[in-house]
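A short worksheet on the structure shown next.
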Amino acid sequence: MIVVMKKDATKDQVEHMVQRITKLGLKPHVLVGVERTVVAAVGPEVDGLKESLEAGVGVAEVLPILAPYKVASREVKAEPTVICTGSLVVGGGTIGVIAGPCSVESEEQLLSTARACKAAGATALRGGAFKPRTSPYSFQGMKEEGLKLLAAARDATGLAVVTEVMATEDVELVARYADVLQIGARNMQNYRLLEAVGKSDKPVLLKRGPSATMEELLLAAEYVLDGGNPNVMLCERGIRTFESHTRFTLPLASVVYLHAKTHLPVVVDPSHGTGHTYLVPQMAAASVAAGADGLILEVHPHPESALSDGYQSLNFSQFSDTMALCRRVAEALNRKM
Ligand code: PEP
Ligand code: MN
């Protein structure tokens with residue numbers, strides 16, 4: 001149920017509602033909007049719940065939440081969620097650009113990339129230190145050494161750091177260095193991991209599983225939100241289809257669909273979504289045109305010698321050209337980039 005509080009409801013009245021919901025065995029989520037505060041009561045059906053909540057002081061109305069995901073739903077919060085952490089702003093008309101190598105490989109590689117990305121207008125640095133690789137024989141990432149290099153690159157450039165956490169037991173370690181915790185596509189339905197980042201105070205970039213439906217993606221986000229972390233960005237990174245001319249198929253309609261269904265910001269990853277450098281610039285621009293709140297792009301000083309995903313990485317000048325192209329689209333749509 002969504003308890004919509006009256007415009008002039010006091011803090012005490014909201015707090016009282018939170019306690020009543022808790023006593024009924026449900027979980028309260030307070031969502032403070034510009035127009036109104038709502039308290040979502042999430043949990044199993046309780047007989048006579050609507051009537052009981054309607055009787056609360058300061059309550060304007062009580063509505064059922066129809067979507068299977070509750071806190072993520074637009075029904076609960078009409079205004080878009082904006083994620084702000086350090087240099088990165090995603091949502092509310094501002095397009096965040098997260099750029100950097102697939103994997104952190106060395107100090108020189110990371111720092112030169114961070115500087116070039118920042119100069120071209122990126123607002124956050126990406127780089128994997130824990131890498132989920134299809135083969136156990138592929139480069140697995142620099143682990144904590146990589147996290148240290150990311151933190152040093154943040155110190156040098158001021159760019160917020162986005163990096164993947166692969167396992168529940170690593171959440172605390174990664175959160176010590178990162179500004180945003182990335183949940184990789186392969187882990188989208190690792191529910192224990194989602195619960196663990198739900199307890200973190202760091203925003204989460206949740207990537208869509210290659211075979212996950214929109215509803216499964218939103219329910220995965222719900223795990224993080226239900227855990228108490230309201231700062232979730234969804235990421236469309238392409239799905240597996242019969243098509244083989246691209247690494248994955250990048251469905252940009254999901255940006256528009258997700259905006260209709262959720263208040264959470266939507267980031268697009270045209271690097272993994274296409275798997276080919278030459279397809280990335282136009283698909284990045286198309287993502288902006290579709291309304292994406294952010295982009296995540298792989299950039300490498302020498303893509304041909306990258307330890308992972310070189311075939312889909314942009315070099316510095318390609319990234320700079322991509323930014324220029326995307327900015328023109330953003331400007332035409334009155335959005336900041
Ligand atoms: C990545 O961002 O490098 C990555 C592994 O992405 P995904 O989880 O989308 O495959
Ligand atoms: Mn990659």
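The values are calculated or read from the model by the stated rules, or taken from the named source; none is laboratory data. In this text the structure is predicted, and so the values were computed from the model without any measurement. Cβ: placed from backbone, ideal geometry, glycine included. Neighbour counts: every protein chain shown. Only protein heavy atoms, including side chains, enter the accessible area calculation; ligands, DNA and RNA are left aside. Shrake-Rupley method; radii C 1.70, N 1.55, O 1.52, S 1.80 Å.
Amide hydrogen proximity for ARG247: with H placed 1.01 Å from N in the peptide plane, the residues at 5 or more positions away or on another chain lying under 5 Å are GLY275, HIS276.
A P(r) calculated from all alpha carbon pairs of the stretch 1-126, with 10 Å bins opening at zero, reads 12, 32, 20, 15, 15, 7, 0 percent. For the chain, the longest principal axis of the C-alpha atoms and the axis of helix 144-157 are separated by about 90°. In the chain, the portion of solvent-accessible area held by carbon and sulfur atoms comes to 54 percent [1.4 Å probe, whole percent, DNA, RNA and ligands not counted].
Once backbone amide H atoms are built at 1.01 Å from N, SER103 has GLY128, SER308 as its partners under 5 Å, excluding neighbours fewer than 5 places away on the same chain. Pairs of C-alpha atoms in the chain farther apart than 26 Å represent 48 percent of all such pairs.
For the stretch 2-63, the equivalent ellipsoid built from the Cα gyration tensor has semi-axes of 18, 11, 10 Å, listed from largest to smallest. Note on the stretch 221-330: with charges restricted to the Cβ of Lys and Arg (+1) and Asp and Glu (-1), its dipole about the Cα centre is near 220 debye. Surface listing: GLU169, GLU35, GLU105 arranged by accessible area from highest to lowest gives GLU169, GLU35, GLU105, probe 1.4 Å. Placing +1 on the Cβ of every Lys and Arg and -1 on the Cβ of every Asp and Glu, with no other charges, gives the stretch 2-63 a dipole of roughly 180 debye about its Cα centre.
What the phi angles of the stretch 300-311 give under the Karplus curve with 6.51, -1.76 and 1.60, with θ = phi - 60°, is a coupling list of 9, x, 9, x, 5, 10, 5, 7, 8, 6, x, 5 Hz, glycine and proline written as x. In this structure, the amide hydrogen of VAL161, modeled 1.01 Å from its nitrogen in the peptide plane, lies closer than 5 angstrom to those of LEU125, ASP179, VAL180, counting only residues at least 5 positions away or on a different chain.
Across the stretch 102-115, computed HN-Hα scalar couplings (Karplus, 6.51 cos²θ - 1.76 cosθ + 1.60, θ = phi - 60°) run 4, 10, 6, 10, 6, 4, 4, 4, 6, 5, 5, 5, 4, 5 Hz from first to last residue, x flagging Gly and Pro. Using the alpha-carbon atoms, what tilt in degrees (0 to 90, nearest 10) does helix 214-226 show relative to the longest principal axis of the chain? For helix 214-226, the angle is close to 70 degrees. Here the relative contact order of the stretch 83-332, from alpha carbon pairs under 8 Å that lie six or more residues apart, stands at 19 percent.
Think of a 1.4 Å ball rolled over the protein heavy atoms: the stretch 2-63 then has 60 Å² of accessible area per residue. Helical content alone sets the calculated 222 nm signal of the chain at -10500 deg cm²/dmol, taking -39,500 (n - 2.57) per DSSP H segment of four or more residues and averaging over every residue. Residue by residue, the stretch 5-20 carries 3J(HN,Hα) couplings of 7, 5, 4, 9, 4, 8, 4, 4, 5, 5, 4, 4, 5, 4, 5, 5 Hz when phi is fed to the Karplus relation 6.51 cos²θ - 1.76 cosθ + 1.60 (θ = phi - 60°); x denotes Gly or Pro.
Among GLU45, GLU15, the sequence by solvent-accessible area, most first, with a 1.4 Å probe is GLU45, GLU15. Each of ASP8, ASP170 has its accessible area taken with a 1.4 Å probe; listed largest first, they run ASP8, ASP170. Taking all protein chains as shown and a probe of 1.4 angstrom, ASP12 keeps an accessible surface of around 120 Å².
A 1.4 Å probe run over the protein chains yields, for the stretch 83-332, 37 Å² of accessible area per residue, whole-number rounding. Against the main long axis of the alpha-carbon atoms of the chain, helix 316-332 sits at an angle near 40°.
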